[in-house]
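Contents: one structure, followed by commentary.
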Amino acid sequence: MNPVRAASRVLGRAPASRVGTLLALMILGALTEGAGFMLLVPLLNLLGGGAARSNGIERKLTSVLDLLHLPLTAGVLLAGFVALVSLRAALQYGRERLATSLQHGLVDQLRQQCFHALLNSEWRWLSSTRQADQANLLLTDASRVGTGLHFGLALLANTVAMAAHLAVALALSWSLTVAALAGGLAVFALLAGQRGKALQLGRELGKANRAMQRTVQESLGGIKLAKILRAEGQHEAAFARHMATLRIQQHRFSASSALGQALFQAAGAALLAAYLYFGLGFWHTPVPVLVTLVFIFSRLIPLLMAAHQQLHQVLHALPALEESERLLAECTRHAEPTAAARPNWPVSSDIELDAVTVSYDGRERPALASVSAAFRARTTTAIVGASGAGKSTLADILMGLLAPDSGKLRVGGEEIRGSLRQAWRAQVAYVPQETYLFHATIRENLLWARPDATDAELAIALEHAAAGFVLDLPQGLDTLVGDGGVLLSGGERQRLGLARALLCKPSLLILDEATSALDIDNEMRVRKAIENLHGELTVVLIGHRLATLEHADQVIVLGQGCVLASGTWTEVRPLQPNLS
Ligand SMILES: Nc1ncnc2c1ncn2[C@@H]1O[C@H](COP(=O)(O)OP(=O)(O)OP(=O)(O)O)[C@@H](O)[C@H]1O
């Protein structure tokens, strides 16, 4: 993507009226600045005791002053100069404020759009991506896009200002202006290599940022294990390595930027000296014109230098925009169809799987191979099988998280596909083996599932999930659970997970090894709670424990993605002696 295309893509997201106002402010600012310079020549003539009407520009100026009934005196010209500079300052202030608000608005919009796109992507694709890379994109890359935009807008303002300077300079002396322009552009062209390097450095910085984000996220995520394995040193070394790479990238970019600036300064001084030499010695340019030109070029060269620096920064940030666009395109390709209206399936709806097959990328054997099963409404089904048999994949299909590659999921006889998958999920509650809790209070963690639940409903859900311990805590529902619930025991976390699921009043409740961390006493209580739910909703229990199987209406045995046996526990048991 080149900078012009990038600018049009980014600015294309902003309201046209705001972009138009910004451009108008830039043009007006540049025109006022140009007009201010126009006053300099007659002013210098007057101050030098000469005639103020020696050339065309001055004659036009005099006719404007005549219209305003103002005399052509040094005082009037100075007042005009101050007024124009003040007007330009006011325009510049307005432009800066608008540009900043536009920049922040666009970055927020991009961040929001990426976050929304990620959250609404298909789970199958999401689960194959790296969270640290997404976090880096939403945080660091989005900020870099903001920096690029800031410099891009400054570059635009700069280009307009340069055009105004050039117009004035051309009016004063086209020969000196063309010479100056040619010189400036030659230096600009000489630094093309530097700008190409900026793009490359921007790409490398993106890689270094991603590596750093992965290290931080993975080190902190596994800090307990790192401490137990005494692997803190490895994490520290990786952190130091990535920090060093990051710093090297930043230093290389600063060095390249500073080199460009130094080259421009030296070349600018040489150009200025050459203009003075040729202007005085060969072209015999009048001194006031030459002084004005020197003044203009002493501003034009820094503007050109700034343009180079701004372009340098834009190119450096461009890979971050490319990454954001790439993510958005990927998310669009893997977008999950969303339901406008959400149909409700009565709790009396039977659930069926009809020849469901799921294959994951890069795996030879399908995780589920033509699996058919029926889950009668308000009954309990236990799904058992060896590790890797496909139990969790089956649960993902049942809750509408995964779409089968072939085959169907039906609820109440209706096929759950497309946007219906999302709608069906609203009626399913899932309790995984590892309960996910936020670093927040127990109440906030529970209300996440149902924000309108009352304290009385929370208490009932906790009781049904054998999680009455919460009410005995000194802070009760307002107890903080720590990162991922680290301040609670595994069993307490599981019971909170179950309470949260029950709070949703689901039609289908799936428990994936959800009692594995419970002691016998609490498991008995949770089992009792689940048994109490029998006849109220459809329950699917995934697990190995015998106690779970015995009380299920139906047991499905999975092996290598296929249904090996199904029926009541008494029917299945003789066929599967390994389960006893
Ligand atoms: N996202 C994925 N990408 C690739 N392969 C996967 C993915 N998820 C699961 N698999 C593979 O699919 C197969 C079934 O996995 P699944 O998690 O459904 O089994 P499981 O019976 O729940 O296992 P466990 O009891 O160990 O949790 C396994 O071979 C697993 O490696």
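The values are calculated or read from the model by the stated rules, or taken from the named source; none is laboratory data. The structure presented is a predicted model; accordingly, all values stated were derived computationally and were not measured. All Cβ positions, even for glycine, are placed from backbone atoms using ideal geometry, and neighbour counts span all protein chains on display. Note: accessible area is taken over every heavy atom of the protein model, side chains too, but ligands, DNA and RNA are not part of it. Shrake-Rupley method; radii C 1.70, N 1.55, O 1.52, S 1.80 Å.
Listing for the model above:
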item	result
Alpha-carbon centroid distance for the pair the stretch 200-253 / the stretch 66-129, whole angstrom	36
Kyte-Doolittle mean at least 0.0 and Cα axial length at least 15 Å: DSSP H helices in the chain	16-38, 56-67, 74-119, 142-172, 174-190, 232-281, 287-333
Dimensions in Å of the stretch 368-511 - Rg and Dmax from alpha carbons	16.8, 52
Potential extension, Thr338-Leu480 segment - 0.36 nm per residue separation minus Cα distance	47.7 nm
Whole-angstrom gap from the stretch 263-333 to the stretch 427-503, using each part's C-alpha centre	61
Gain on full stretching of the segment that runs from Arg230 to Ala266 - 0.36 nm per residue minus C-alpha separation	7.4 nm
The stretch 191-340: radius of gyration and largest Cα-Cα distance (Dmax), Å	25.1, 84
Volume of the Cα convex hull of the stretch 280-430, divided per residue and given in Å³	223
Cα-based convex hull volume of the stretch 1-47 per residue, rounded to whole Å³	68
Sequence of Leu44, Leu87 from largest to smallest accessible area, 1.4 Å probe	Leu87, Leu44
For the stretch 92-210, the Rg and Dmax computed from alpha carbons only, in angstrom	20.6, 67
Local electrostatic count at Asn2 - Lys and Arg +1, Asp and Glu -1, tallied over other residues with Cβ under 12 Å	+2
Extension gain (nm, one decimal) between Thr129 and Glu364, 0.36 nm per residue minus Cα-Cα	82.6 nm
For the chain: relative contact order, % (alpha-carbon pairs under 8 angstrom, 6 or more apart)	14
20 °C / 1.002 mPa s Stokes-Einstein diffusion coefficient of the chain, Kirkwood radius on C-alpha pairs, µm²/s	72
Pair-distance profile P(r), taking every C-alpha pair of the stretch 143-249, with 5 angstrom steps and integer %	2, 10, 11, 13, 12, 10, 9, 7, 7, 6, 5, 4, 3, 2, 1, 0
Calculated diffusion of the stretch 442-580, Stokes-Einstein form, Kirkwood radius summed over Cα pairs, 10 °C and 1.306 mPa s, µm²/s	98
For Val555, distant residues with modelled amide H under 5 Å away	Ala382, Gly567, Thr568, Trp569
Listed residues Thr332, Thr454 arranged by accessible area, highest first, probe 1.4 Å	Thr332, Thr454
Residue-averaged 222 nm ellipticity for the chain, from DSSP H runs of 4+ at -39500 (n - 2.57), nearest 500	-20500 deg cm²/dmol
Order of exposure, largest accessible area first, which applies to Glu322, Glu364, Glu571 with probe 1.4 Å	Glu364, Glu571, Glu322
Accessible solvent surface per residue of the stretch 440-580, calculated while the other protein chains remain in place, 1.4 angstrom probe, Å²	47
Debye log10 I(q)/I(0) at q = 0.26 Å⁻¹ for the stretch 452-512, Cα point scatterers	-1.22
Among 558-569, 4-15, the order from most to least packed when residues are scored by Cβ within 10 Å on average	558-569, 4-15
Relative contact order (%) - criterion: Cα under 8 Å, at least six apart; region: the stretch 205-273	41
Compactness index (Cα Rg / 2.2 N^0.38 Å), the stretch 396-465	1.40
